[in-house]
Amino acid sequence: MSALSWNWESLAILRFLVGVAIGSEWATGASIVAELWPDHARGKGGGLMQCGAGLGAILASVVWLLIGGTGPNAWRLPALMIFWIRQRIPESPEWERSNERRSEARDLKRRGTALSGEHAALTRFTLVDLFADRTVRRPLIGSLLMMLSVTLAFWGVGTFIPTYVGSVAAKAHLPAAQWAGLAGLVTGVFGTLGFVSLGFLADAFGRKPIAMLFYLMCLILTPVVYLWVANIYALLFWVAVFGFFTLGIWAWAPIWLPELFPTRMRSTAIGFCFNAPRLIACIGPLIAGSLIVALGGYGPAATIIGSFFILGFVVAMFLPETNGRSLPGPVEELSMSAREAGSALRV
């Protein structure tokens with residue numbers, strides 16, 4: 001529908017709806033993938049899921065290279081979503097067990113049982129449960145800060161890569177639109193490799209060290225790309241490396257986040273950690289644009305915004321390592337089973 005927008009206000013509204021849909025689809029998909037893949041290979045599953053974003057970027061860049069020069073309305077190419085995929089993905093056994101336990105707890109509540117502990121948790125509104133459970137509060141805050149770091153830094157730095165490369169190409173008397181599209185394509189290709197690589201590396205060496213490595217490389221590579229490379233061909237090489245890390249870093253979220261929260265709240269928790277920072281980080285490009293104008297160039301502005309990668313690097317130190325562990329289950333241990341509680345009520 002964005003292709004049919006008639007002014008920037010309508011485009012903004014439609015893009016907002018796209019963002020809402022992406023946020024909900026991502027959280028659901030990350031939970032399902034984590035619950036369906038085995039413990040020893042869960043990182044690979046998360047990385048492969050996230051690489052869909054990179055494949056989409058590659059496809060968009062290829063399309064833009066083909067049609068970008070056809071006129072001012074070339075961007076109005078509608079996209080189609082394949083709905084049949086959803087119908088062919090099963091619910092995970094972990095969620096089915098959790099849902100069964102939740103139904104049992106709600107049945108007890110309807111019968112007048114005074115619930116406590118996990119039984120009470122299972123009957124609470126999930127978002128309330130998320131903040132009421134002390135055991136998940138620390139990973140929740142840490143995950144939120146890590147996502148805020150990468151979201152704010154990336155949208156204030158990574159989104160300007162095609163525009164920046166186009167401006168450097170123009171100074172070299174090369175076609176700016178073509179080089180901008182090429183930069184987007186290179187970023188998408190190597191970013192997709194980064195998604196998959198982070199998953200394999202996280203399974204081999206652990207979630208914490210690999211996430212910290214990617215955050216550190218993003219921090220280092222930002223001034224390399226925006227300040228230290230002037231040659232357009234060398235710049236394209238470093239854009240590839242930059243894309244590998246700045247896009248690849250997103251894969252830590254579908255890999256690590258599901259392993260930090262129990263099944264009864266997993267999708268809600270990771271959806272909150274993924275989407276709440278997006279509401280804050282949407283100002284990133286606006287701040288970056290203002291800094292570009294105020295500081296007279298992309299380099300200083302990008303370096304300032306890119307410094308937010310430090311936050312993710314530091315916070316990752318304090319999250320638990322979960323590599324190879326089983327997912328926190330639906331509710332593995334109750335003070336008494338629902339059946340036992342029902343028997344006690346009848347007595």
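The values are calculated or read from the model by the stated rules, or taken from the named source; none is laboratory data. All values reported here derive from a predicted model rather than from experimental measurement. Note that we place each Cβ from the backbone using ideal geometry, even for glycine, and neighbour counts take in every protein chain shown.
For segment 4-18, the set of residues classified as assigned to a helix (DSSP H, G or I), surrounded by 14 or more Cβ atoms within 10 Å (Cβ to Cβ) and modelled with pLDDT under 85 is empty. Across segment 153-189, the number of residues qualifying as surrounded by fewer than 23 Cβ atoms within 10 Å (Cβ to Cβ), more than 20 Å from residue 222 (Cβ to Cβ), at pLDDT below 90 and of a type outside the set (A, V, I, L, M, F, W, C) comes to 1.
Applying the criterion of being crowded, with 23+ Cβ neighbours inside 10 Å and among the hydroxyl-bearing types (Ser, Thr, Tyr) to the residues of segment 226-255, the residue that is farthest from residue 202 (Cα to Cα) is 226. In this structure, does residue 234 turn out to be in contact with a Ser or Thr (Cβ under 9 Å, 6 or more places away or on another chain) and of a type in the set (Gly, Ala, Ser)? The answer is no for residue 234.
Has segment 30-44 got at least one residue that is assigned to a helix (DSSP H, G or I), over 15 Å from the mean Cα position of the chain (by Cα), farther than 13 Å from residue 199 by Cα and among the small types (Gly, Ala, Ser)? No, segment 30-44 contains no residue that is assigned to a helix (DSSP H, G or I), over 15 Å from the mean Cα position of the chain (by Cα), farther than 13 Å from residue 199 by Cα and among the small types (Gly, Ala, Ser).
Across segment 296-335, the qualifying residues are those that are in contact with a helix residue (DSSP H, G or I) (Cβ under 7 Å, 6 or more places away or on another chain) and modelled with pLDDT under 75, and the one among them that is farthest from residue 214 (Cα to Cα) is 335. For segment 256-301, a residue qualifies if it is surrounded by 21 or more Cβ atoms within 10 Å (Cβ to Cβ) and basic (Lys, Arg), and the qualifying residues are 264, 266. Applying the condition of being over 23 Å from the mean Cα position of the chain (by Cα) and among the hydroxyl-bearing types (Ser, Thr, Tyr) to segment 67-104 and asking which residue is modelled with the lowest pLDDT yields 70. Here the condition is being closer than 22 Å to residue 51 by Cα, under 23 Å from the mean Cα position of the chain (by Cα) and not basic (Lys, Arg); of 181, 243, it holds for 243 alone.
Any residue that is farther than 27 Å from residue 63 by Cβ and polar (S, T, N, Q) - is there at least one of those in segment 203-224? Yes, because at least one residue in segment 203-224 is farther than 27 Å from residue 63 by Cβ and polar (S, T, N, Q).
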